[in-house]
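Student: One structure follows; several queries about it will come next.
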Amino acid sequence: MQVPILKSTFKILNERITELKKEITQNSKDIGTAAELGDLKENAEYHAAREKQVLLLERMQRLKSYLKGERVDLSGSVPETVSFGCSVTVVDTITKESHTYNLIGPAEFELELLSDMVTIGAPVARLLVTKKVGDIVNFKFGGIDWTGEITEICALK
């Protein structure tokens, strides 16, 4: 299943992958340098560099997988309903406290591109998707129970 990504995220992903390639190249050199130090069984620098290599390669694979996602560009549009790529403001009907949720995918979440991020598959996002300005939403998670009104929906850039 393809996971959507924001059009702006696609460019950032490519930049991060380029940076990661450089880091992997340096890591390979570090492994070679550490290997030259002698006995690999007791060579802490070698083992640390190899462990780092595994983490770097896993991250590279994960970031590349996000590039396969459908690119969504909502810039310049005014969404009528809550969907992926939207910022939603909900005001508590009792306390009048305002909460903003930015509905994104795992790529944006991993890259930490926004504050107040909620992945599109999260329970809060599932409550909000397809709702419109003026709709009332009941939030009941664990010990949290409150009702809010959607006051604004806008596209993320």
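Student: From the list 65, 8, 28, exactly one residue is hydroxyl-bearing (Ser, Thr, Tyr), on the phi < 0 side of the Ramachandran plot and buried (at least 16 other Cβ atoms within 10 Å of the Cβ). Which is it?
Tutor: Going through 65, 8, 28 in turn, just one is hydroxyl-bearing (Ser, Thr, Tyr), on the phi < 0 side of the Ramachandran plot and buried (at least 16 other Cβ atoms within 10 Å of the Cβ): 8.
Student: If you check every pair at least six apart or on different chains, which have Cβ atoms under 8 Å apart with a residue in the range 125-138 that is within 13 Å of residue 89 (Cβ to Cβ) first and a residue that is surrounded by 11 or more Cβ atoms within 10 Å (Cβ to Cβ) and of a type in the set (D, E, K, R) second?
Tutor: From residues that are within 13 Å of residue 89 (Cβ to Cβ), the pairs are 133/152; 134/149; 135/149; 137/131; 137/149.
Student: Which of (1) closer than 30 Å to residue 120 by Cβ; (2) at pLDDT 95 or above; (3) surrounded by 12 or more Cβ atoms within 10 Å (Cβ to Cβ) is the odd one out, the single condition residue 53 does not satisfy?
Tutor: Evaluating residue 53 over (1) closer than 30 Å to residue 120 by Cβ; (2) at pLDDT 95 or above; (3) surrounded by 12 or more Cβ atoms within 10 Å (Cβ to Cβ) leaves (1) as the failure.
Student: Residue 133 versus (1) within 30 Å of residue 59 (Cα to Cα); (2) at pLDDT 95 or above; (3) of a type in the set (A, V, I, L, M): which is the lone unmet condition?
Tutor: (1)
Student: Continuing with this model, one more query. Being touching a residue at least 12 places away in the same chain (Cβ under 8 Å) and touching a strand residue (DSSP E or B) at 6+ places or on another chain (Cβ under 6 Å) is the filter here, so list the residues in the range 109-118 that pass it.
Tutor: Within the range 109-118, 114, 116, 117, 118 qualify.
Student: Just to verify a result, which residue in the range 72-115, among those that are loosely packed, with under 13 Cβ neighbours inside 10 Å and at pLDDT below 90, is farthest from residue 155 (Cα to Cα)?
Tutor: 115
Student: Out of the residues in the range 142-157 meeting the condition of being under 30 Å from residue 77 (Cβ atoms) and of a type in the set (A, V, I, L, M, F, W, C), tell me which one is surrounded by the fewest Cβ atoms within 10 Å (Cβ to Cβ).
Tutor: Residue satisfying both the conditions and the ranking: 154.
Student: Please count how many residues of the range 1-47 are aliphatic (A, V, I, L, M) and touching a strand residue (DSSP E or B) at 6+ places or on another chain (Cβ under 8 Å).
Tutor: Residues that pass the stated criteria total 3.
Student: When only residues in the range 115-157 that are among the hydroxyl-bearing types (Ser, Thr, Tyr) and assigned to a strand (DSSP E or B) count, which is farthest from the chain's Cα centre (by Cα)?
Tutor: Among those residues, the one meeting the criterion is 147.
Student: Suppose we filter the range 107-157 for residues that are within 26 Å of residue 9 (Cα to Cα) and not hydrophobic (A, V, I, L, M, F, W, C); how many remain?
Tutor: 14
Student: Scan the range 43-71 for residues that are under 30 Å from residue 153 (Cβ atoms) and of a type in the set (Asp, Glu) and report the count.
Tutor: Of the residues in that region, 1 qualify.
Student: Right, here's the next one. Would you pick out the residues in the range 1-45 that are in contact with a Leu (Cβ under 8 Å, 6 or more places away or on another chain), under 13 Å from residue 60 (Cα atoms) and either in contact (Cβ under 8 Å) with a residue 60 or more places away in the chain or not β-branched (Val, Ile, Thr) (or both)?
Tutor: Scanning the range 1-45 gives 13, 14, 16, 20, 23.
The values are calculated or read from the model by the stated rules, or taken from the named source; none is laboratory data. Everything numeric here is computed off the predicted structure, so don't read it as measured data. So basically every Cβ, Gly included, is an ideal-geometry build from the backbone, and we count neighbours across all protein chains shown.
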